[in-house]
Structure formats: C-alpha cells, structure tokens
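A short write-up of the structure that comes next.
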Amino acid sequence: QYQRRVRGSGQSLMANEATLLLLALAGCSHAVALPEAAQFCIVGAGPGGLQLGHYLHRRQRDYLVIERSDKPGAFFRRYPRHRKLISLNKRFTGRVDKEFNLRHDWNSLLDHDEVPPMTTRSHERFPPADVLTAYLEEFGEAQRDRILYRTSVERVDRRGAGKFELLLDREGEPAVLRCQVVIMASGLWEPQTESALVSGMEHVVGYEELPTDGESFQEQTVLVLGIGNSGLETVDALAPWANYVHVVNPRAEETHTLTPSWETRYVGNPRAINAAVLDSYLLKSLDGGLGTPFPKQKLALFACSYAGQDSLEDQGRLARDALRPGGRSERVCVLPTDFDDVVTLGVDSEVMERAWAKELLERLGTRAVVGPGRARPQNLRMYRVPARTQSLSELQVGGTFTVVRISRWNISSEEEVHGLMRLASTIGSPNPLVYDTVVRCLGWRHNVSIYGNAARPFLQPNRKYAAMNSEYESVNINGLFFAGTLAHGKDFKRSAGGFIHGFRYTARALFRILERKYNDEPWPAVQFGVSNVSSIAAAASWMLRRINTASGPYQMVGVLGDGLLLLANGSMVGLQEIPGGFGLG
C-alpha cells in the first residue's frame, strides 16, 4: 500500500522514506520516563519477565520491567553460543486444539494471539536462537511503555515492610525506584567459574567467551569441563575442527557419569540433540573421555608447552609446533591429584634410572616424596586377565615400581610440569593429558551480589536458587518473588520450570497469585452450578478434556495441577494450574 501511494512521484517517495526513517529511529530510541514508584517491579525482560508483564499489562496494573540491555531476551542474543536451541518446535500435531498444541511448542509464550507463535517462524525442529530473540522483541512491543531498557539494577534493598528500593543505573546516570513488590526475572546468567574438583581455572576459556563456530579450534586438542548441555553443545560444535575433544565432569556434587534426559525424563539433563559425541566415543573415533578418566580424584591444570618425544601424538604436536613462531605452542597440562592436591605417579623403576628422570628428581628435591611401590590390581582392570589366573591380586607384575608424590602447590616451574608429564606418559593411556585449550562449561548461577542485607533471600543448598514458598515468594523476604528460570528452584530436577515451556505457566500462576494477594482478585474458575447429574457430567467432561489437552499440568508435572472444588452451597468450580502446596483459602 505504501508503494502504491508513492508510485509515480520520486520526490514524494523520498519524503515518505525520510518520514519512515525518522519514525524508526524514534522507535529505537524510545525511552520510558522513570516514575518515583511502582506497585510491581520486574527485574529482567527475558521470556519470564515478558510473560508476567504481559498479564499485568492486560489488567492495566502499575508495573515496570527493568532491563539492562536495549532489547528483550538479552540472554538468548548471546546464548547458546552455537545458536541452536534445544527446545522443541513441533509445527504439526494433527490437531487443531491450541491448548494441546502448546504441549509440543516449547518456545512460544502464552495468551498473546496478536503475535504469531514460534512454530510459524522456523521449520526447524530445534530453531536458531535468533528466531527466538526476534519473537521476544515482537512479544514485548505492546509493553514498550512499561519497559525501562538500558537500565541495570545495581542494588535491591528494603526500607521497611512493603517498601523496596531499587538503585538503578540508567545509561550511566544513577536513579532510585521504590516498589511495593519486586519480582526477580533476571535468570541465571552469571557463569559458574569454579569447581571444587579443579585447580588452575585461570588457564581455561569460559563458555561465554567462545566464538559461535569451531573454526578457531582447527587442529587443536580440546578438553571441555562440564557434561551438561552447554558442554556437549560445545563438543559438537568443535568436533569437526578439532583433533579430538575430551569432555569430563568436574562437579563435586554430582555423579561423574553422563545422565541423559532420555533416562531421567528431566529436560535439563543432557539432551540427545547434543549427544553426537556418544557416537564418536562408543564407535572409537578419538572424541570422548565422558565422565572422568580418574574417578574420585581432582584435576590440576598447568600452563605448559609440552610436546613430548616418543608417541604418535607427540609427533603431531611437534609438527604443529614447527609451524609456530619460536617453535612452541601454549598448552594446558593436566595432572590428577587426590583431594589433598597431591599428585601421585607410579612408574616403572627402570624409567627412574633414565637421565631425564634423575634430573627431574634432583630439581624437585625435598618437595617430592619418592619411594618403592607396587601396581594395584585396579590399575590393571582394563586388561583381560588370563583364565588360569584366579584373581587380579594373583597377577604377577614384572619389575618394581617407584611412586613419586608431590603437592600440586609445590610444582613451581614449567620445566617441572614437563618432567612430571613425561613421567606420566610412561604409565600409559590416557596419560599424558595435554590440551591446546581447556573450555569451562559449568553452567550458571544466581547473581546474589545485587541484594542488600535487608533484602537478601535465603538460598537453597545448591546456592543456585532462592528458597521459596508455594507462592514463589522468598521464605524470608516478604514481597520478593521469582519468575522465569529463577522460579525453577521449586521444581529443580523434577519438572520443566527451567525452560520456556515450563516457566511460562509458573509465570501465569504467579500473576494469579499476585492478583489475589494484592488486588483481591479470585483465582479464575469454571462454574458448574449446584451438584446434580447434569453439573457432575459437565464437571467430569471438563476434567477429562483438561487431562487430554491441558498443556500447563502436562509440562509442569507434579508442580501445577487442576482440581474440582466442592463448595458449601453444593456447587462445584473447576480450577486450573494451581501450584502444589498453594492454599486458596
């Protein structure tokens, strides 16, 4: 229509284009005036904040969304790093029921028919993250006058009951916003940078620093720390470029083995879409190392340039070094330790008679403890035992062994690291553990540094989520609620609340909770009238249809539920998506 109006007039075309350009620029720079106070303050314009804000906007409530970026969905503009979502985008189900279809559309938000859902935007089963960010921008457009973009929350504090104070930074200018209720929907975006089972983290590259493809890792040998979805996603992206990729789990609080979602039914566990490394590992094609090569031990990382001399892999390293300026490459050497950070190497005593080994022991001096030892039966478990041998303990090992023990903290030079790696190489596979790059993929944590002392929520033992009551409210800070991924603490490892297809429903439940709590609005209900044959039949029909089509209880299994309530006057009402433990009163 625009083209038809201006066709035939070049001057008019230029004028109209200029007008449109000015309007576009005005839209991009749209700034919401900062009021002194708001009833509801939502921190974060990700999908959880947008979903909750959408319901508050429809009811014309007094609310604001505070977003540090210039657009909604900032997390998904950066992550996942290799830009492939792991949430299902099933376009066709053979059914026309919108509620049922949401069971299999894991990326769209709820109750905004003016915005086409994600299933209309990509034909891919697991769509690119950029498609989601464009969708979130469109979803948030109706709330543009309620979202403070380019505004970061520097501190959340409380000034008496029901009086929160947010200290803001609006493009470098400090500001204060008072709130009756604060809803944290900022997500888990702060990288987990430490592990109790790894020392030397200064030598790693963080997942958040990775390029979006693996080309920069060409002909590198890579170790990935973390066997969650970000770790396996990284392995999959690097595998076409790297020599090989090992992936291990350095999380002290978890088992060392891969626990996939198809066994646990928990959507947050490693997904099949990221499990291509299993093919390489199980079909003997170099990639692997799943779990940890040294159970019940820690890993110590050292900066090194170790190349070795004898093995086929050593020859490959030396060939690559020859192409480098100075003839060396910066690498990371890995030595296993016990939980006291002591490196223990049991090597053939004949090796210790070699000149380089004697030179190493002389260099280490009294920092190392050296003594005789013997091979433990479990060290031989990878080899087939002859049938005539009755037990591993009876297997005779030729020669004697020397045990070298040294604290990881007493290793003081690169030369000493190289010497210990060379000793380790004589033990056999998987030694020596030498990598061109080590990548940290340990997941995310809740940024609690923004809470003042008067507004600091208690955390769950995992230190990742706040302790919440049945209303998604902090157990110790009244008026502080959690939405989006931060609400997943209520169903961590049990249901889908860490993903859009789960927390879109907990956000809707939270909205209904806030309406009851602060605006005296009843929970939405379906009325069935006084109990008689027809009303009972209608209630049964409603319940059966919900069982067969409802998406909220289907996704948030064990967390949100429907129910029939029999009132004192004999009538019945149907209630949808009530959080477990929540009392309607």
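The values are calculated or read from the model by the stated rules, or taken from the named source; none is laboratory data. Being a predicted model, the structure only gives us computed values, none of them experimental. Every residue, glycine among them, receives a Cβ derived from its backbone with ideal geometry; neighbour counts consider all protein chains shown. Surface accessibility is based on the protein's heavy atoms, side chains included, excluding ligands, DNA and RNA. Shrake-Rupley method; radii C 1.70, N 1.55, O 1.52, S 1.80 Å.
Just one residue in the set Ser285, Ser216, Ser230 is touching a Cys at 6+ places or on another chain (Cβ under 9 Å) and of a type in the set (S, T, N, Q); that residue is Ser230. Applying the condition of being among the polar types (S, T, N, Q) and at pLDDT below 95 to segment 498-541 and asking which residue is nearest to Tyr55 (Cα to Cα) yields Gln527. When Val131, Val153, Val176 are checked against the criterion of being under 25 Å from Phe503 (Cα atoms) and more than 21 Å from the chain's Cα centre (by Cα), Val153 stands alone in meeting it. Of the residues making up segment 53-67, those that are open to solvent by less than 20 Å² (accessible area, probe 1.4 Å) and of a type outside the set (Asp, Glu) are Gly53, His54, Tyr55, Leu56, Tyr63, Leu64, Val65, Ile66. Taking segment 82-100 as the range and being of a type in the set (D, E, K, R) and farther than 17 Å from Ser230 by Cα as the test, the residues that pass are Lys90, Arg91, Arg95, Asp97, Lys98, Glu99. Hey, can you tell me all the residues within segment 88-99 that are under 10 Å from Arg125 (Cβ atoms) and either open to solvent by 40 Å² or more (accessible area, probe 1.4 Å) or small (Gly, Ala, Ser) (or both)? Selection gives Lys90, Arg91. All conditions but one from (1) more than 30 Å from Asp70 (Cβ to Cβ); (2) surrounded by fewer than 19 Cβ atoms within 10 Å (Cβ to Cβ); (3) within 17 Å of the chain's Cα centre (by Cα); (4) not aliphatic (A, V, I, L, M) apply to Trp189; the one that does not is (1). Looking only at residues in segment 199-229 that are among the aliphatic types (A, V, I, L, M) and open to solvent by 10 Å² or more (accessible area, probe 1.4 Å), the one that is farthest from Arg408 (Cα to Cα) is Ile227. Ser69 meets all of the listed conditions (1) at pLDDT below 95; (2) assigned to a loop (DSSP other than H, G, I, E, B) but one, namely (1). Looking only at residues of segment 533-585 that are assigned to a helix (DSSP H, G or I), over 23 Å from Asp111 (Cβ atoms) and of a type in the set (Gly, Ala, Ser), we find that the one that is farthest from the chain's Cα centre (by Cα) is Ser534. On the stretch given as segment 323-338, residues that are surrounded by fewer than 11 Cβ atoms within 10 Å (Cβ to Cβ) and either at pLDDT 95 or above or farther than 25 Å from Ser412 by Cα (or both) total 2. Being among the aliphatic types (A, V, I, L, M), in contact with a strand residue (DSSP E or B) (Cβ under 7 Å, 6 or more places away or on another chain) and modelled with pLDDT of 95 or more is a description that does not apply to Leu102. Take the residues in segment 125-150 that are open to solvent by less than 60 Å² (accessible area, probe 1.4 Å) and part of a loop (DSSP other than H, G, I, E, B), then tell me which one is farthest from Pro35 (Cα to Cα). Here the residue is Phe126.
Just to be sure before I move on: is Leu109 in a loop (DSSP other than H, G, I, E, B), within 30 Å of Leu301 (Cα to Cα) and out of contact with any Cys (no Cβ under 9 Å at 6 or more places or on another chain) in the structure I sent? When the stated conditions are applied, Leu109 does not pass them. The single condition from (1) under 16 Å from Val434 (Cα atoms); (2) touching a residue at least 60 places away in the same chain (Cβ under 8 Å); (3) open to solvent by 30 Å² or more (accessible area, probe 1.4 Å) that Ile273 fails is (1). Can you confirm whether Gly308 is open to solvent by 20 Å² or more (accessible area, probe 1.4 Å), assigned to a loop (DSSP other than H, G, I, E, B) and touching a residue at least 12 places away in the same chain (Cβ under 8 Å)? No; evaluated as a whole, the condition is false for this residue. The set of residues in segment 339-364 being out of contact with any strand residue (DSSP E or B) (no Cβ under 7 Å at 6 or more places or on another chain) and open to solvent by 20 Å² or more (accessible area, probe 1.4 Å) consists of Asp340, Glu350, Glu353, Arg354, Ala355, Trp356, Lys358, Glu359, Glu362, Arg363.
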